[in-house]
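*Asks:* Dropping a structure here in structure tokens format, bear with me for questions.
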């Protein structure tokens with residue numbers, strides 16, 4: 001297993017949710033949440049105002065049926081305490097779903113938050129794989 005996604009040779013890249021407006025605790029106005037996929041580190045990170053506010057960790061599962069792009073076992077989501085309840089974890093999962101979809105991968109939720117998020121988003125069913 002390698003730290004990079006097979007065949008991509010890509011470094012960090014921003015996943016499709018830059019611009020999600022969040023109101024930070026104790027601050028006026030809105031800032032843009034930026035979600036970045038770091039394939040070599042097997043995670044997506046969320047940043048707000050230049051500070052890391054969340055992370056989603058996954059592990060590639062290279063065992064896949066012929067013709068499949070592989071699977072990602074989603075292990076955990078973490079959000080900085082002052083940003084909880086503001087959509088950070090949901091933005092991370094939505095970005096992971098978009099990345100999985102574009103790469104022909106399936107998502108196997110291990111993290112309980114991700115399980116609940118996917119249950120509430122039937123539009124993500126095309127990438128969901130409950131086999132573990």
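Please treat every number below as a calculation from the coordinates, not as lab data. Keep in mind the model is a prediction, meaning the values are calculated, not measured. We place every Cβ from the backbone using ideal geometry, glycine too, and count neighbours over all the protein chains shown.
*Asks:* Sorted from fewest to most neighbouring beta carbons within 10 Å, what does the list 45, 93 look like?
*Replies:* Numbers: 45 20, 93 24.
Listing 45, 93 from fewest to most nearby Cβ atoms yields 45, 93.
*Asks:* Just want the ordering: 72, 117, from fewest to most Cβ atoms lying within 10 Å of their own Cβ.
*Replies:* Details: 72 25, 117 21.
Ranking 72, 117 by Cβ neighbours within 10 Å, fewest first, gives 117, 72.
*Asks:* Moving on to the next point. Would you mind ranking 96, 75 by Cβ crowding within 10 Å, fewest neighbours first? Working shown, then result.
*Replies:* Details: 96 27, 75 16.
So the ranking, lowest neighbour count to highest, is 75, 96.
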